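Some notes on the structure that comes next.
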Amino acid sequence: MDPATWELIRHNLWPMLEATVTMTLPLTAISFVIGLVIAVGVALARMSLRRVLSVPARFYISIIRGTPLLVQLFIVFYALPQFGVVIDPFPAAVIAFSLNVGGYAAEVVRSSIMSVAHGQWEASQSLGLNYVQTLWYIVFPQAARIAVPPLSNTLISLVKDTSLASTILVTELLRTAQLAAAPTFDFFALYGVAAIYYWAICLVLGFAQTRLETRLSRHVAVR
């Protein structure tokens, strides 16, 4: 690369890092936490014997998993204003990503809960625990260990998916790279830097996933 390209990269390293810290990471964290809460609720509804709960949960999962994330973003940001619902770019991205995570993670949570032996439910009921107490003290701790790997993969995918927020004017990492490269059309260099930033985040999350799995496994072994 010529000196001008290196200077362009050097000049934009900090703005892109700042966009990562102030926009990409918060967007990922907020969307994942909200999405996980949605996923638990939808998973429990999906498992319910009451059709008034299970049918809407199935429909929600089907819609989320059957439509592209980009379309979901466009519906929230560009289509809802036609009905008088105008949402700023960042909250719109949070809503779309949270709903998307909720739809995908709901099946992960459901399968993890169902993997807990049915005898655990019966034993807890014999001890006088109600449904909520059984979930909180017995089922969720065991299901969490099983759910960590797939949920971690969902989180890593979400980090990369946040780049789609640039299409609705969220000035996150990718959009910062686009704006910086536009005057010189040197997209390869700055997109390469953006890719390295995404890669670094995913490496850190992968390392954290491994440590968490090891810790949970040791805890189970000790018990």
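Where a number appears in this text, it was derived from the coordinates with a stated rule and is not lab data. Quantities reported herein were computed from a predicted structural model and do not represent experimental measurements. Backbone-built Cβ (ideal geometry, glycine too); neighbour counts: all protein chains shown.
Considering only Trp6, Ser112, Tyr78, and ranking their Cα positions along the charge dipole of the chain that arises from unit charges at the beta-carbon of Lys, Arg, Asp and Glu, the one farthest toward the positive end is Ser112.
In the chain, helical runs assigned H by DSSP with n ≥ 4 each contribute -39500 (n - 2.57); averaged across all residues and rounded to the nearest 500, the mean residue ellipticity at 222 nm is -25000 deg cm²/dmol. What do you get for the angle between helix 187-222 and the principal long axis of the chain? Use alpha-carbon atoms, 0 to 90 degrees, nearest ten. In the chain, helix 187-222 runs at an angle near 20 degrees to the longest axis. The relative contact order of the range 3-222, computed from alpha carbon pairs under 8 Å that lie at least 6 residues apart in sequence, is 28 percent. Hey, with R₀ at 30 Å, roughly what FRET efficiency would Leu25 and Ala144 work out to, going by the Cβ-Cβ distance, to 0.05? Calculated transfer efficiency: 0.85. Taking label points 7 Å from Cα along the Cα-to-Cβ direction, Thr67 and Glu107 give a separation of 1.7 nm. Each Lys and Arg contributes +1 and each Asp and Glu -1, all at the Cβ; summed about the Cα centre of the chain, the dipole is approximately 980 debye.
In the frame of its principal axes, the range 13-89 has Cα extents of 53, 29, 20 Å, reported largest first.
Based on the Kirkwood radius over alpha-carbon pairs, what is the Stokes-Einstein translational diffusion coefficient of the range 3-222 at 4 °C with 1.567 mPa s viscosity, in µm²/s?
Working: Rh = 19.5 Å.
This corresponds to a translational diffusion coefficient of 67 µm²/s.
Projecting the Cα atoms of Ile61, Val101, Phe188 onto the charge dipole of the range 3-222, computed from C-beta unit charges around the Cα centre, puts Ile61 farthest toward the positive end.
Assigning unit charges at the beta carbon (Lys, Arg +1; Asp, Glu -1) and nothing else, what dipole magnitude in debye, to the nearest 20, does the range 38-160 show about its Cα centre? Walk me through the numbers before you get to the answer.
On the way: 8 positive and 3 negative charges, 47 e Å.
Rounded to the nearest 20 debye, it is 220 debye.
In terms of the mean number of neighbouring beta-carbon atoms within 10 Å, the peptides 27-39, 62-74 order highest first as 27-39, 62-74.
Contour minus end-to-end for Val86 and Val33, with contour as 0.36 nm per residue of separation and end-to-end as the Cα-Cα distance? Please report the intermediate quantities before stating the final value.
On the way: separation 53, 0.36 × 53 = 19.08 nm, distance 2.34 nm.
Difference between extended and current length: 16.7 nm.
With respect to the chain, whose longest principal axis is taken over its alpha-carbon atoms, helix 140-161 is tilted by about 20°. Got a sec? Charge dipole of the range 3-222, +1 on Cβ for Lys and Arg, -1 for Asp and Glu; which of Ala208, Ser126, Tyr197 is way out at the positive end? After comparing all options, I get Ser126.
Between Glu7 and Arg58, the simple label model (points 7 Å from Cα in the Cβ direction) yields a spacing of 6.4 nm.
Extension gain, Arg215 to Met114: 0.36 nm times the residue separation minus the Cα-Cα distance gives 34.1 nm.
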